[in-house]
Structures are given as C-alpha cells and as structure tokens.
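Everything on this sheet refers to the single structure shown next.
The values are calculated or read from the model by the stated rules, or taken from the named source; none is laboratory data. Computed from a predicted model, the values in this text were never measured in an experiment. Neighbour counts are summed over all protein chains in view; Cβ atoms, including those assigned to glycine, are modelled from backbone coordinates with ideal geometry. To get the accessible areas, we keep the full protein, side chains included, count just its heavy atoms, and leave off ligands, DNA and RNA. Shrake-Rupley method; radii C 1.70, N 1.55, O 1.52, S 1.80 Å.
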Amino acid sequence: LVAWLASTAQILSRHAAAIVGDAHQRIYDYKISLRGLGIETRGRSRRLKINYRTSQAILRWAQQVLRNEPTDDLDGALEEIVGYRSAFDGPEPAIARFVTPAEEADHVVACVQAWLDQGISPASIGIT
C-alpha cells in the first residue's frame, strides 16, 4: 500500500483525486502519513462527522473506551474524536466476560437462539 501511494503521489499532485481514510478503524499499528508520501491535504480536507454504520449507543461506548487513546489524522497530527455522531440510535452494547472459550460459545448460542425465538431472521444475524 505504501509503495502504491508513494508511486501515485506525483499523479495525485497534478490531478484531482479523492482519498478516504479512517484512522479509527486501523487494525494494524503501521501508520501512514499522507503528507509523508507527498500528498498535501492541509486546508483541502474535510472530516466526515456523521456515522451511518454504527448506532449512537455503540459510538458513545467506543468513544469512552478510546477516550485516552491517541489517533492520528493520517496527515501526521492527532485526530479529535469530538463532534462525531451517528445517523441513528440503537440499544446499548451488552458486555459479557467469560473464563473459557466454551463459556463464550455457550453464551453466543444462547443469544442467537433468543434472537431467533424473537423472530429475528437468520439472515440478519452475523457472528465474527
């Protein structure tokens, strides 16, 4: 990815392009600075503040968990989490702790069975 961005930086500087990134969703510790790749975004970027994928309850919970965790803005500075909101609300996240993987599996089975008993379509249930 870094090699591809570096090789296209010259093209991007001469032509209009849209680059979208969400440092809050980074799963790897490897950080990329767009400015470090020759892509200048200062004064030319916009922070999208409305979340269409996560409910307000989950967003609020995640922000509490990440309150003291620094997140970079993909341009070498720190990103503020203030101002984000969700387009919809939902139930509060349920937190459960387990001692063994078997306890966790039993809990997942019970939750899925309860959802099915409530009439929730199996196609609406995802487990990762």
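Observations on the model:
- Any pair with Cβ under 7 angstrom, 6 or more apart, that starts in region 100-128 at a residue that is open to solvent by less than 80 Å² (accessible area, probe 1.4 Å) and ends at one that is part of a loop (DSSP other than H, G, I, E, B): His107/Ala96; His107/Phe98; Val108/Ile127; Val112/Ile125
So that you can scan it fast, the table gives a plain yes or no per residue for (1) in contact with a Phe, Trp or Tyr (Cβ under 6 Å, 6 or more places away or on another chain); (2) open to solvent by 70 Å² or more (accessible area, probe 1.4 Å); (3) farther than 30 Å from Ala94 by Cβ; (4) at pLDDT 70 or above:
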{"position": "Tyr28", "(1), (2), (3), (4)": "no, yes, no, no"}
{"position": "Ser33", "(1), (2), (3), (4)": "no, no, yes, yes"}
{"position": "Gly38", "(1), (2), (3), (4)": "no, no, yes, yes"}
{"position": "Arg42", "(1), (2), (3), (4)": "no, yes, yes, yes"}
{"position": "Ile50", "(1), (2), (3), (4)": "no, no, no, yes"}
{"position": "Ile58", "(1), (2), (3), (4)": "no, yes, no, yes"}
{"position": "Gln64", "(1), (2), (3), (4)": "no, yes, no, yes"}
{"position": "Thr71", "(1), (2), (3), (4)": "no, no, no, no"}
